[in-house]
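Engineer: My questions all concern the structure below.
Every read-out reported here was derived from the displayed coordinates using simple, explicitly stated rules and does not represent laboratory data. The model shown is predicted, which means the values in this text are computed figures rather than measured ones. Don't worry about glycine lacking a Cβ; one is built from the backbone with ideal geometry, like all the others, and counts go over all protein chains shown.
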Amino acid sequence: MTFRKLLPFLLLVLLAALFLSVPSASADSSHARIIRLSVVTGDVRFATKTHGDPLSDSETNWDRAQLNLPIRQGYVLATDNGRTEVEFENGTLAFLRENTVLEFYDLSLKDGALITRLVLRQGSASFHVNPVDGDYFSATGGDFTVEAGSRATFRLDNFDDGSTVEDIAGHVNVLHEDQTTRLEKGRSLSMKAGGESSVSIGRLPEPDEFDRWVSGQIDTVSTATAATMQYTNSPYYAAGFGSLYSYGSWFNCGGYGFGWRPFGVGYGWSPFTDGQWIWDPSFGWTWASYQPWGWAPYHYGGWLFDTGCGGWFYSPPLLYGYYRGAYPGGPVRRRPPVVHAPRPLYRPVTGVFVRNNSTVGIVPMHPLDGKGKTPLNLEHGILSPTASSDLSGRRVIASEPGEKWQTLKSPPKDAFSNGLVPSTPPVRVSRTVLEGSAGTRVVSTSRDSSIVYDPKEHRFLNSNNPTNASSAGEKEGLAQRERANAPAVRGARGNMDRVPSTTARNTAAPPRNSVPPPVPRYSGGERSSVGGGERSTWGGWGGSHSGASSAGGGSTHSAPAPAPAPHASSGGRPH
């Protein structure tokens, strides 16, 4: 065979070798995870991108956080006089107390497993962890990192002079440099800032009001999720589905199967009527509902309309199901069975954007809508803006026969106005630890408190007591109070007015660890104190927090109906 004849064959071999040598994107880590801000009370703000410590980065733009805000990797949540709850895809919950700053350092996917690494920059946060199918979870606060390889509930407090972790249920591993300490249920671990030999292990203190609030939230989500999963025809946990049980009703609508509608709405109600549009650089326009139930219906599944069933209702993502045709009384069509991933497919909005000349509208997405095809719900009306820059869904335009509406892949960036409202940055708040017979407890000092942090002594001192406070501590306390009373301004984005800040940044805290450790090589499971690893066998969700040894052999791929969380009467703490 001549070289000229061999040349095409050699080129094919070379191209095949190059193709096979390129790592598969699906096998590598992906940063496309989206989680939900499920509860917002009081003042909560967020930033999409920070540079280093969010508490000392003056260039970061902060916005007011609203209910059902989609959270992605790199976001930072901060509370002032407020609290918030974050719901993850596998049922893990995070709770932030007042004056708390939490960074979502790593939200990625690796071989189908959820990789979650958080950094508690300041304050108090509790975590109800539910790893499934090799998921990895860690929270870093100060000089150590807490890993939960099986179902567990723990509280993490991080402050200027030290950090504390309290194991409420299950067990966790505490990592500090090259040491790993296994912490059992009912025990706490404290460590002073920069103190290599300051590790103290004791029993849990008495639960405070924040602990009781967290326990009640876990109970509520667990019970509601168990009640609604019987209607979803899926064994997998899905964020936001518990809220459907609390704020609406399920009903059987003939050939459509089970549907859902919020309480208190009539025949004239339509989706996309109470919320705002948020622009995301990766996903485009995203609908953020103001309603507590408004996560799942606007990001998973689709919408159906039937006059006999009362108008619009929500249809959850099914493994398989039966649906009528696109018109009332049409033939029943069987949706072909498909293999679904353990987690439903997230959509920025469960709607199809359409255009007619200069008018842009949205049609609620039908479960059988094909990509790029005319939406099946088009004949039931197009939700149109009440103003040129705001599509809120309060006006419905009837689609006339023969009227042509062009299906858009996505609306242009200038189609709507971004609903985010600029906010002021969080302020560093001094915290210290009180030690007693009942264990350790974090104490927050107000901005006018006489207790100040002395960077020279590496501890908190009372600046009003000359025998205890050094001159450096007194000067530092005065400087903090002066800065707290001085006004500051920052530039708001776009054409917004400049927003005055009621407080300025406090002085920088001593250097602390802010980078979580790498994810272990093995997929999922726990990092043991002797360097080994075991795969997590937990498959359920909810409040059965008795440790990995009592799992009972649950599947690692599905989430059976959860049982109510225990400890309701004792504030979530074992005694």
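Engineer: List the pairs from K371/K404; K373/K404; K49/K371 whose alpha-carbon separation is above 21 Å, in the order I gave them.
Structural biologist: With Cα atoms farther than 21 Å apart: K49/K371.
Engineer: Under 8 Å for C-alpha pairs, at least 6 residues apart: give me the relative contact order for segment 212-328, rounded to a whole percent.
Structural biologist: 24
Engineer: Oh, and also: Provide the gained length on full extension for the span W279 to I201, in nm with one decimal, where the gain is 0.36 nm per separating residue minus the Cα-Cα distance.
Structural biologist: Once the chain is fully extended between W279 and I201, it gains 23.4 nm.
Engineer: Separate question: If Lys and Arg each add +1 and Asp and Glu each add -1, what is the summed charge of the other residues whose beta carbon sits under 10 Å from the beta carbon of R83?
Structural biologist: -2
Engineer: Order of 45-56, 410-421 by packing, highest average Cβ count within 10 Å first?
Structural biologist: Taking the mean over residues of other Cβ atoms within 10 Å, the ranking is 45-56, 410-421.
Engineer: Could you give the length gained by full extension between T181 and E59, i.e. 0.36 nm per residue of separation minus their alpha carbon distance, to one decimal place?
Structural biologist: 40.1 nm
Engineer: Would you kindly state how much longer the chain becomes between T41 and Y267 on full extension, computed as 0.36 nm times their sequence separation minus their alpha carbon distance, in nm to one decimal?
Structural biologist: 78.2 nm
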